[in-house]
Amino acid sequence: MIATPAADRSFQDWPEVLANYAECLAAIQPRLRREEMDRLIQAGADFYRTLARAEQYRRASVWDEPPP
């Protein structure tokens, strides 16, 4: 995944990205065991939470305007 090119998106696009991921999982679900599906869902959730925390940290650390 790291070496695969992807569109440059803003953080606000994550609902769309997650919906696309969910659609991909739904399409392959009949070929997967329950444990495999659960692992893919957990990986997606972990990835999103990690990025959400990074964005929260970035917003807390960087100001558009100098603090008063």
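List of remarks:
- Cβ separations smaller than 7 Å between residues 6+ apart or across chains give the following pairs from the range 1-27 residues that are surrounded by fewer than 12 Cβ atoms within 10 Å (Cβ to Cβ) to residues that are among the hydrophobic types (A, V, I, L, M, F, W, C): 9/17.
- Residues in the range 28-50 that are open to solvent by 70 Å² or more (accessible area, probe 1.4 Å), under 27 Å from residue 12 (Cβ atoms) and free of Cβ contacts under 8 Å to residues at least 24 places away in the same chain: 41, 42, 46, 47, 49, 50.
The values are calculated or read from the model by the stated rules, or taken from the named source; none is laboratory data. Computed from a predicted structure; not experimentally measured. Ideal geometry is used to build each Cβ from the backbone, glycine not excepted, and the neighbour counts take in all protein chains shown. Note: areas computed on protein heavy atoms with side chains; ligands, DNA, RNA excluded. Shrake-Rupley method; radii C 1.70, N 1.55, O 1.52, S 1.80 Å.
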